[in-house]
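Student: One structure follows; several queries about it will come next.
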Amino acid sequence: MTFRAAGGLYGMQTMQLDLGPQAQVLKGVVAGVRDDQLTAPTPCPDMTVATLLDHVVGLTHAFRKSAEKDPVPGAPVASADALTPDWRVVIPAQLDALVAAWRKPEAWEGDTAAGGVEMPAPAIAVVALDEMTVHGWDLAVATGQEYSADPASVEACLGFASQVAAEPAVPGLFGPPVPVPDDAPPLHRLLGLTGRDPSWRPPA
C-alpha cells in the first residue's frame, strides 16, 4: 500500500466503523486459497496470489499498529518469497487483532500513520477497510471463489474511493479508474474507482 496525504483526505470525517464483518469475509477467502493457486495471477499487476497474501500479512499487522498509535515506519514491500509458511494461521489471527484494536475508542482519536503517511485516525481506519475489501475481491476472483463483501464496508469504502478519485493530489493510491455503469452494484463501482475491471478473470 502506498499513498500520499492530501487536504481532502485529511479533512475526511467518518463515524466509527466496525471492521469485523469485512475481516470475517477476508478470512473466509484466505481459507479458500489452495496451495496450487499461490503462483496464479491476480488483478493486481505483477502480483501473484502468494505476493498478495504476503501483502495482506503486512497490512493486517501495519493497520493494527496504526490503531495502537505505534505505526510501522515506511511502507512494506510484498514478496511471494517472503510469504510465511503458516500464512493460513497468521492472517486470521492478525485480522482478529486488527479488529480488536480498532474497536477501542482511543484508536479513533487524534492522528496516526500507515505506509509512512500521517492522517486522522478515522481516515486510516477507512484505508484499512478499503484494503481488506478490495484485496478480498482480488484474492477471491484470482482463486475462483464467490465473493460477498460486507455491504456497509463497501459503502464506506465507496465514499473514500470517490474522494480519492476526485483529489488530484493523491496519485499512486489506486490505478487509473475503470469506467463502470452508474447503476452497477456498489462493489463494482468501488472496484472501478480503485482501478479494477469487475469482469477480470484469471487467464484460461
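Student: Looking only at the stretch 107-115, decide whether some residue is open to solvent by 10 Å² or more (accessible area, probe 1.4 Å), aliphatic (A, V, I, L, M) and either in a helix (DSSP H, G or I) or under 23 Å from residue 191 (Cα atoms) (or both).
Tutor: No, every residue in the stretch 107-115 fails to be open to solvent by 10 Å² or more (accessible area, probe 1.4 Å), aliphatic (A, V, I, L, M) and either in a helix (DSSP H, G or I) or under 23 Å from residue 191 (Cα atoms) (or both).
Student: When the stretch 60-89 is examined, which residues are found to be of a type in the set (D, E, K, R), out of contact with any strand residue (DSSP E or B) (no Cβ under 7 Å at 6 or more places or on another chain) and over 19 Å from residue 132 (Cβ atoms)?
Tutor: Result: 70, 81, 86.
Student: Something else about it: Which of the residues spanning the stretch 72-83 are touching a Leu at 6+ places or on another chain (Cβ under 9 Å) and open to solvent by 60 Å² or more (accessible area, probe 1.4 Å)?
Tutor: Listed by number, the list holds a single entry, 76.
Student: Also, I was wondering about something else. Across the stretch 116-152, which residue is surrounded by the fewest Cβ atoms within 10 Å (Cβ to Cβ) among those that are at pLDDT below 95 and not in a helix (DSSP H, G or I)?
Tutor: So, considering only residues that are at pLDDT below 95 and not in a helix (DSSP H, G or I), the one surrounded by the fewest Cβ atoms within 10 Å (Cβ to Cβ) is 118.
Student: Give me a count of the residues in the stretch 28-71 that are over 21 Å from residue 124 (Cα atoms), in a helix (DSSP H, G or I) and open to solvent by 40 Å² or more (accessible area, probe 1.4 Å).
Tutor: So the answer is 4.
Student: Here is a follow-up. Mind listing whichever residues of the stretch 105-134 are closer than 15 Å to residue 61 by Cβ and under 13 Å from the mean Cα position of the chain (by Cα)?
Tutor: 114, 115, 124, 127, 128, 131, 132
Student: Being free of Cβ contacts under 8 Å to residues at least 40 places away in the same chain and either surrounded by 14 or more Cβ atoms within 10 Å (Cβ to Cβ) or assigned to a helix (DSSP H, G or I) (or both) is the filter; apply it to the stretch 84-97 and report the residue that is farthest from the chain's Cα centre (by Cα).
Tutor: Top of the filtered list is 89.
Student: For the stretch 136-154, enumerate the residues that are in contact (Cβ under 8 Å) with a residue 12 or more places away in the chain and over 17 Å from residue 20 (Cβ atoms).
Tutor: The answer is 137, 138, 139, 140, 141, 142, 143, 144, 145, 147.
The values are calculated or read from the model by the stated rules, or taken from the named source; none is laboratory data. What you see is a predicted model; the values in this text were computed from it and never measured. Using ideal geometry, Cβ is built from the backbone for each residue, glycine included, and neighbour counts are taken over all protein chains shown. Note: areas computed on protein heavy atoms with side chains; ligands, DNA, RNA excluded. Shrake-Rupley method; radii C 1.70, N 1.55, O 1.52, S 1.80 Å.
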